[in-house]
Amino acid sequence: MPRTKVDLTYPHDYQVEELVEIASRPAGEKHLYFPGASEEGGHDGVLIRVRPSSASWIGIFAFGYNSPKAITGIYSCPDPGTLCVVAKAQGYLVKANDPHIWEPINAYPILDIRSVISKRLLLLQTLLRCQPTGLAVMLGLLPTSRGTELKLSM
């Protein structure tokens, strides 16, 4: 299985690493399942450890769908305290120092994601639209024509 793409282009206030399994955890390290930031359990997904300036935590981010075009990755955001996790085309924005503050990305399926440093954006490509996220806030939709394949290039 290919490893998760990690793109920490933007300055960030945390460390993040992909885990293959949870062998052991420091005392008090929370395990949170997304969506929901639940400690009670959830679905299989991308497994990461986040180390902000406060207590570290492990996140399990549920997969979207299984397709060769579905991407999986961890991205820093224009907001240095927020990270973006995409798990087989399903996206999540999470505050690193308080993972109970999170939101799903309302663009699905995510097929590509790019950092646009000059505009302080993460640009997300889906099947029919591009959706920018700037300062970890959804700013709007940029529709594309149905049937037109859009490929991001920089």
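Remarks
- The requirement of being free of Cβ contacts under 8 Å to residues at least 24 places away in the same chain and out of contact with any strand residue (DSSP E or B) (no Cβ under 9 Å at 6 or more places or on another chain) is fulfilled nowhere in segment 91-104; no residue meets it.
- Qualifying residue in segment 137-151 (condition: surrounded by 13 or more Cβ atoms within 10 Å (Cβ to Cβ) and either modelled with pLDDT of 50 or more or under 21 Å from residue 45 (Cβ atoms) (or both)): no
- Residues (in contact with a Gly (Cβ under 6 Å, 6 or more places away or on another chain), of a type outside the set (S, T, N, Q) and at negative phi) located in segment 80-94: 86, 87
- Here segment 64-77 is the region considered, the condition is being of a type outside the set (Ser, Thr, Tyr) and surrounded by 17 or more Cβ atoms within 10 Å (Cβ to Cβ), and the residue that is farthest from residue 28 (Cα to Cα) is 70.
- Set 40, 17: member being surrounded by fewer than 17 Cβ atoms within 10 Å (Cβ to Cβ), without any contact (Cβ under 8 Å) to a residue 60 or more places away in the chain and part of a strand (DSSP E or B): 17
The values are calculated or read from the model by the stated rules, or taken from the named source; none is laboratory data. Here the structure is a predicted model, which is why all the values come from computation and not from measurement. Positions of Cβ are backbone-derived with ideal geometry, glycine not excepted, and every protein chain shown enters the neighbour counts.
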